[in-house]
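Engineer: Dumping the structure here so I can ask a few things about it.
Every number here is computed from the coordinates shown, using simple stated rules; none is lab data. Everything quoted here is computed from the prediction, not taken from an experiment. Heads up, the Cβs are rebuilt from the backbone with ideal geometry, glycines too, and the neighbour counts pull from every protein chain shown.
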Amino acid sequence: MISENNKIEFPFDAYLVETAGMTLDEALHITADLKRIKYKKGNIVLRKGDLCNHSFFVEKGLLRSYMLEDDGKERVIQFAPENWFIVDRSSVYFNDTSESFIEAVEDSEVVLLSENFICKANENNSSFSKFNDKLLHNHIRQLQKRINLLLGATAENRYLSFIETYPDLLLRVPQWMIASYLGITPESLSRVRKELAHKNFKPN
């Protein structure tokens with residue numbers, strides 16, 4: 001836990017102490033030169049065709065990544081509220097141009113994490129290295145879970161999984177975005193919500 005005597009200015013430092021097991025001095029040392037950017041609601045953080053040079057950590061607000069199909073429909077890949085990371089990994093790791101967009105769903109404050117920063121932090125801090133490995137493994141696990149849900153789960157189970165993954169987003173995200181993330185139509189999502197209401201289901 002963070003001592004009351006320590007003052008942490010930025011949420012990312014608090015996140016590293018609480019989640020990565022770093023001391024406050026360690027966190028402040030490795031994050032001292034990181035760049036922060038504020039985005040207004042609707043601002044595009046990353047465009048398709050651009051190179052993604054950073055991972056993004058959300059200190060405040062909400063981002064989403066999505067793909068644009070040939071018919072103009074958006075397919076939401078991920079939401080990133082406070083204390084979440086979001087990135088186009090194919091682009092940042094393999095220098096490919098991005099296949100997706102990242103957009104601010106709300107006014108947001110974001111930390112930019114370059115691959116060079118992550119490599120140096122891994123080399124110089126064992127706690128960060130272990131944390132980064134765990135983060136990657138969790139991403140792979142969540143990605144596999146998402147694929148399984150999209151391929152084999154009912155619309156209701158997809159929605160329940162969304163609530164489990166993003167418990168605070170039901171009132172922050174438009175219903176059409178949730179439907180896009182679930183791979184169903186807004187009409188199907190409405191039916192699922194009504195059926196759950198009839199079962200007296202209430203999100204925590």
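Engineer: Just one of 189, 169 is buried (at least 16 other Cβ atoms within 10 Å of the Cβ) and assigned to a loop (DSSP other than H, G, I, E, B); which is it?
Structural biologist: Going through 189, 169 in turn, the sole match is 169.
Engineer: Another one. Would you confirm whether or not segment 24-44 contains a residue that is under 20 Å from the mean Cα position of the chain (by Cα) and in a helix (DSSP H, G or I)?
Structural biologist: yes
Engineer: Give 138, 132, 124, 116 a once-over and let me know the one that is in contact (Cβ under 8 Å) with a residue 12 or more places away in the chain, exposed (fewer than 13 other Cβ atoms within 10 Å of the Cβ) and out of contact with any Lys or Arg (no Cβ under 8 Å at 6 or more places or on another chain).
Structural biologist: Testing whether each residue is in contact (Cβ under 8 Å) with a residue 12 or more places away in the chain, exposed (fewer than 13 other Cβ atoms within 10 Å of the Cβ) and out of contact with any Lys or Arg (no Cβ under 8 Å at 6 or more places or on another chain) leaves just 124.
Engineer: May I ask you to list the residues in segment 148-204 that are over 19 Å from residue 104 (Cα atoms) and in contact with an Asp or Glu (Cβ under 8 Å, 6 or more places away or on another chain)?
Structural biologist: 156, 192, 195, 196 - these are the residues of segment 148-204 that are over 19 Å from residue 104 (Cα atoms) and in contact with an Asp or Glu (Cβ under 8 Å, 6 or more places away or on another chain).
Engineer: How about segment 136-165: which of its residues are assigned to a loop (DSSP other than H, G, I, E, B) and under 17 Å from residue 75 (Cα atoms)?
Structural biologist: Within segment 136-165, none qualify.
Engineer: While we're looking at this one, here's another question. I'd like the full set of residues that are over 14 Å from residue 55 (Cα atoms), assigned to a strand (DSSP E or B) and either free of Cβ contacts under 8 Å to residues at least 24 places away in the same chain or of a type outside the set (Gly, Ala, Ser) (or both), limited to segment 80-105.
Structural biologist: Residue satisfying the conditions is 97 alone.
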